[in-house]
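Take a look at the structure below.
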Amino acid sequence: MFDILIADDEEIENLVLKKKIAKFYGNAVSVRTAANGRAVLKSCIGKMPDLLILDIAMPGMSGLEAAEEIRKTDRKVQIVFLTAFDDFSYAKRAISLHALDYLLKLVDERELCAVIDEAVRLQGEKTAAAASDAGGQKVDDANEIGDFPDLVQKLISERYGTDLSVETVAAAFGYSEGHFCKLFKQYFGISFVSYLTEYRISAAERLLLEGDLSVREICEAVGYEDANYFSKVFRRIAGKSPSEFRENGRQMQNHPE
């Protein structure tokens, strides 16, 4: 079971976030809560979670301080920072901690789920393997920030069917994950993982309506290895299973109003 630890000094914030996660993932994940950074460290002693969602500003020990302590002994656990302030000084500190993402409170449910989906997918992956998947190549003119949106869209359109992740794309641009995530959100308005998930599902919708590939074949074509997981993500975004979407689409094509 995928284990998530949420930390916020406001109990209501913990409860709201826990409820959102339970709504979409049910018993597939376990969710623990903590009231401050020290409680996070104590909770991690017995069992390190798979994903930490940490409020940045907490009394006693902040989420950033707790993450810094955790990173001294664990470089693999996925960390997402949650804050009420869109302050780049926070993001700069998060960069060195290899945060998966940096979200504002009152986060959209789709964005939250996309981040969790990415954390699930990345579980157990090694950084070296991710870098090799990127081909070890830097995107030309990556430092030309004005070209950033076009370069990102081009890369995603060419590689969305591969094992693409924040790490691989950030490496392709020569950026740290934290800096890349911040730039991406500034230009596109949503996180990279949300954008990639919606891009993949949109591509899957086209394939379902335009061809005769099986759901498993489409799953693999748009970058997912597990057909069950793909179907779960598809249903969350499209509101129907892939098979239902295909059947409804074909009925509309055969019997237009």
Just for helices (runs of 4 or more DSSP H) wholly inside region 147-257: which have at least 3 residues that are under 23 Å from LYS76 (Cα atoms) and in contact (Cβ under 8 Å) with a residue 24 or more places away in the chain? 166-173, 177-188, 192-210
Residues ALA99, ALA134, ALA94, ALA114: which one is over 18 Å from TYR199 (Cα atoms), modelled with pLDDT of 70 or more and buried (at least 19 other Cβ atoms within 10 Å of the Cβ)? ALA99
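Residues checked against (1) under 30 Å from ILE237 (Cβ atoms); (2) in contact with a Pro (Cβ under 6 Å, 6 or more places away or on another chain); (3) hydrophobic (A, V, I, L, M, F, W, C); (4) at pLDDT 95 or above:
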{"position": "ASP8", "(1), (2), (3), (4)": "yes, no, no, no"}
{"position": "GLU11", "(1), (2), (3), (4)": "no, no, no, no"}
{"position": "ASN14", "(1), (2), (3), (4)": "yes, no, no, no"}
{"position": "LYS18", "(1), (2), (3), (4)": "yes, no, no, no"}
{"position": "ALA22", "(1), (2), (3), (4)": "yes, no, yes, no"}
{"position": "ALA28", "(1), (2), (3), (4)": "yes, no, yes, no"}
{"position": "GLY37", "(1), (2), (3), (4)": "no, no, no, no"}
{"position": "SER43", "(1), (2), (3), (4)": "no, no, no, no"}
Is region 177-184 home to any residue that is surrounded by 19 or more Cβ atoms within 10 Å (Cβ to Cβ), of a type outside the set (A, V, I, L, M) and at pLDDT 85 or above? yes
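Can you tell me which residue is farthest from GLU109 (Cα to Cα) among those in region 39-76 that are among the charged types (D, E, K, R) and buried (at least 17 other Cβ atoms within 10 Å of the Cβ)?
Step one: of region 39-76, the residues among the charged types (D, E, K, R) are 42, 47, 50, 55, 65, 68-69, 71-72, 74-76.
Applying the additional criterion that residues be buried (at least 17 other Cβ atoms within 10 Å of the Cβ) yields 50, 55, 65.
Working: ASP50: 20, ASP55: 17, GLU65: 27 Å.
Across region 39-76, the extreme among qualifying residues is GLU65.
Residues of region 209-226 being over 20 Å from the mean Cα position of the chain (by Cα) and of a type in the set (Asp, Glu), which ones? Step through it out loud before you land on a result.
As a first pass, look at region 209-226 and keep what is over 20 Å from the mean Cα position of the chain (by Cα): 209-218.
Passing the criteria: GLU210, ASP212, GLU217.
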Single match in TYR187, TYR199 (criterion: hydroxyl-bearing (Ser, Thr, Tyr) and either touching a Ser or Thr at 6+ places or on another chain (Cβ under 6 Å) or open to solvent by less than 70 Å² (accessible area, probe 1.4 Å) (or both)): TYR199
Please work out which one of (1) over 26 Å from the mean Cα position of the chain (by Cα); (2) basic (Lys, Arg); (3) under 22 Å from PHE24 (Cβ atoms) is the condition ARG246 fails and give its number. (3)
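So, in region 1-38, of the ones that are assigned to a loop (DSSP other than H, G, I, E, B) and not hydrophobic (A, V, I, L, M, F, W, C), which residue ends up most open to solvent (accessible area, probe 1.4 Å)?
First, pick out the residues of region 1-38 that are assigned to a loop (DSSP other than H, G, I, E, B): 1, 8-10, 35-36.
So of that shortlist, the ones also not hydrophobic (A, V, I, L, M, F, W, C) come out as 8-10, 36.
On the way: ASP8: 5, ASP9: 62, GLU10: 95, ASN36: 48 Å².
Per the criteria, the residue is GLU10.
The values are calculated or read from the model by the stated rules, or taken from the named source; none is laboratory data. Computed from a predicted model, the values in this text were never measured in an experiment. We place every Cβ from the backbone using ideal geometry, glycine too, and count neighbours over all the protein chains shown. Only protein heavy atoms, including side chains, enter the accessible area calculation; ligands, DNA and RNA are left aside. Shrake-Rupley method; radii C 1.70, N 1.55, O 1.52, S 1.80 Å.
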